[in-house]
Amino acid sequence: MPAQIDEKVDILLVDDREDGLIALEAVLGENPGYRLVKATSGRAALSLLDKYDFGLILLDVQMPELDGFETAELIRRQPNYAQVPIVFVTAINKDERYVYRGFEAGAVDYVFKPFDPVILSKKVAVFAELHLKNRRLQLQSRLLAEREAMERKAQIQSVEMENLRRYRNLADAIPHIVLRALPDGDLEYHNHLWTEYTGLSLSESLGMGWQSAICPDQLQSVLSVWYRAMRKRTRYETECKIRRYDGVFRWHWVKAEPELNDRGEVMAWLGTCTDIHDRKTFEDELKEAQQKAESANHAKTQFLANMSHEIRTPLNAIMGFTELLLDPHISDEEKNKSVSIVRRNGHALMKIVDEILDISKVEAGGLELEEVELPLFDMLNEVKTLMNVQAAKKNVTLAFEIGSRVPTLVKTDSTRVRQILLNLIGNAIKFTREGRVALITSFSSRVDEVSHLHFLIQDSGVGIDRIAAERIFQPFSQADTSTTRLFGGTGLGLALARKLARALGGDVRLLNSSPGQGSTFEVTIAVEVPPHTEWIEHSQPEQPTPQQVTDPNRAESLKGKRILLVEDAEDNQFLIKQFLSRTGAILDTASNGREGISKALANDYEVVLMEIQMPLVDGYQATTELRQKGYDKPIIALTAHALNEERERCMQTGCSGHLTKPISRRQLIDSLLEHVSH
Ligand code: ADP
């Protein structure tokens, strides 16, 4: 719209008579400020209204068809002409009623013919001036409105800019990545944390560039969730790994909400990425720990079931055969047989208890190793002798070979090495129905490195499948519960052997195995070779040396010796009495620590056998008190634990010796002989 107004006023002259129009034109035509438009009828006048912006209408009253009043009424109905001044020009009706009607029809004035040209032109000039003023006013108010609208727009824009600035500041201040994407998913904004985290600039991330930061393995699933959310216009939510600037992937919780307009159309997507890596890792670790705990629990339950089976089997035999022994009518032969069964099963029970003690000791980190000079071939012969008994029962041949130049003497913990070998060879024989088990011993030494003994234990037995091979070294784990039930065992042996070997600077590994083909285990032990040690090359181990047995004549040396047994359990009192019955020793008993102290002090015993675990005054306390009172005779502790710490504690309390239950006759006599005066 122009900012200037048209300074000419359109004036409509309506008269059906040409002379009337000419008369008006004659008066007004000379004014350059007017644009005169003529119409010769009411209808013609109405048709012109749209084409001009009339500031004044001079309307003849007497006209055929539509007279002046009717025309005026119709003009007034036009919205643009409701206020336009209409001046009636009339020759006849001057009476008041007639004039009144004219005003009702919308006239603002009357001019009566013949009119005075000066008055007419003055009147017209007033209306024209009024119209121009109106026009100016309209223009001004329009300009004002336009200016206001522009100012408002500028204000809105500045508020929007301010809002945007605040929004970005806010987005930068929050400790999450903030993203905004267009409805089609193209990224259009991200806060500075995104750049800080990913190292990607805005231009690298815009559009679909952000995808390069998503973990490639997860991109497909991230996109498919994203496309689904876009299709359904619903919240987008997922967890995925996003690459950090240094290449490290960290877990994030990604969320985006659609911004909808009034019509429910998506205008944009506003999203956040929250670093949940630590929480997720913690949860994963927790889950893993839980799984581990569950599987450990399961293994323990399994173990308990096996243990129960393993313990009950010998226990059953012991209880059954002892009951048989109580029968006064059984023959000597039956008696001997029953006793040897009870003894054998007692040994089996002891082995189980020893294994459990050992493993718990190793697991608690309380394993103490001794380093002694071990005559390698004596040890191998001893192991072979022991294992031969088992192998012979099963139609399994046992071969011991030397695989390289080997020292005859090494420094290590001989008991533990022996234990490991017995365990692995025991397994090899156990899991071989018939065939061959071989132990190949070799030695390796590299300059500046620790020397190692290597033992290969090969069997032609049932073998182990690949999956079970990973499990068998875990405590309480067996390759297959059902198969192993056939062979027995607790699932502790290999775990223990490995822990022991590792403690000795080596390891136990399953070198190869396949079901039905047999297995080869390797044991390595770090050793030191003492100087001047002899070496042997590829020979067979020596023949077994006969085991030391108690000389029956030696037991005679206990004859007449007075021994005090402090023991609360009657069965054990009875057992020891039986063991000593044929030695001629004189056994006195005390049933608790207190009685033991007074008896020991009151009598002249050669040795005191002191049970450690007793109610009221236990063996430790009794020994301590006796020593404090100056008692200097030997006190041999009897304990139920084979632990080193137990033995040490006994010695510290003042005991002279230590026997672990179950005690064999030979051990008891040997120990007494060691302590009595000869
Ligand atoms: P145990 O023999 O008391 O069950 P181990 O820890 O010694 O416990 O052995 C664990 C498992 O490993 C055994 O139950 C058995 O399934 C498997 N295994 C060990 N040695 C052999 C072997 N030589 N041949 C086949 N399987 C073996």
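Key figures
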| item | result |
| --- | --- |
| Considering residues of region 492-507 that are in a loop (DSSP other than H, G, I, E, B) and more than 11 Å from the ligand (Cβ to nearest atom) only, the residue surrounded by the fewest Cβ atoms within 10 Å (Cβ to Cβ) | 505 |
| Matching residues, region 153-181, being surrounded by 14 or more Cβ atoms within 10 Å (Cβ to Cβ) and farther than 26 Å from residue 207 by Cβ | none |
| Yes/no for residue 630 being of a type in the set (Gly, Ala, Ser) and either assigned to a strand (DSSP E or B) or over 25 Å from residue 559 (Cβ atoms) (or both) | yes |
| Residue check, residue 489 over 31 Å from the mean Cα position of the chain (by Cα), at pLDDT below 90 and either near the ligand (Cβ under 7 Å from one of its atoms) or not in a strand (DSSP E or B) (or both) | yes |
| Per-region count, region 94-144, residues within 19 Å of residue 21 (Cα to Cα) and β-branched (Val, Ile, Thr) | 4 |
| Only one of 595, 645, 674 that is of a type in the set (D, E, K, R) and under 25 Å from residue 366 (Cα atoms) | 645 |
| Whichever residue in region 323-337 is in a helix (DSSP H, G or I) and in contact with a Ser or Thr (Cβ under 8 Å, 6 or more places away or on another chain) and, among such residues, is surrounded by the most Cβ atoms within 10 Å (Cβ to Cβ) | 324 |
| Residue within region 60-81 that is over 17 Å from residue 124 (Cβ atoms), in contact (Cβ under 8 Å) with a residue 24 or more places away in the chain and among the aromatic types (Phe, Trp, Tyr) present | yes |
| Residue within region 82-90 that is farther than 19 Å from residue 29 by Cα and surrounded by fewer than 17 Cβ atoms within 10 Å (Cβ to Cβ) present | yes |
| Hits in region 395-449 - residues which are in a loop (DSSP other than H, G, I, E, B) and either away from the ligand (no atom under 13 Å from the Cβ) or out of contact with any strand residue (DSSP E or B) (no Cβ under 9 Å at 6 or more places or on another chain) (or both) | 395, 403, 404, 408, 413, 434, 445, 446, 447, 448, 449 |
| Residue among 655, 650 that alone is among the hydrophobic types (A, V, I, L, M, F, W, C) and more than 51 Å from the chain's Cα centre (by Cα) | 655 |
| Residue 608 vs. criteria at pLDDT 95 or above and either aliphatic (A, V, I, L, M) or over 60 Å from the mean Cα position of the chain (by Cα) (or both) | yes |
| Answer from 556, 528, 522 - the residue that is modelled with pLDDT of 90 or more, touching a Ser or Thr at 6+ places or on another chain (Cβ under 8 Å) and of a type in the set (D, E, K, R) | 528 |
| Test set (1) under 26 Å from residue 33 (Cα atoms); (2) without any contact (Cβ under 8 Å) to a residue 24 or more places away in the chain - residue 100 fails condition number | (1) |
| Conditions (1) modelled with pLDDT of 90 or more; (2) in a loop (DSSP other than H, G, I, E, B): number failed by residue 616 | (1) |
| Residue check for residue 482: more than 9 Å from the ligand (Cβ to nearest atom), within 27 Å of residue 314 (Cα to Cα) and at pLDDT below 90 | yes |
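This table checks each residue for (1) assigned to a strand (DSSP E or B); (2) at pLDDT 95 or above; (3) within 17 Å of the chain's Cα centre (by Cα).
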position	(1), (2), (3)
212	no, no, no
259	yes, no, no
269	yes, no, no
282	no, no, yes
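Okay, residues lined up against (1) over 30 Å from residue 445 (Cβ atoms); (2) touching a Lys or Arg at 6+ places or on another chain (Cβ under 7 Å); (3) among the polar types (S, T, N, Q):
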site	(1), (2), (3)
348	yes, no, no
353	yes, no, no
359	yes, no, no
364	yes, no, no
370	no, no, no
379	no, yes, no
397	yes, yes, yes
406	no, no, no
412	no, no, yes
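The values are calculated or read from the model by the stated rules, or taken from the named source; none is laboratory data. Quick caveat: nothing in here was measured; it's all calculated off a predicted structure. Here Cβ is always computed from backbone atoms with ideal geometry, including for glycine, and neighbour counts include all displayed protein chains.
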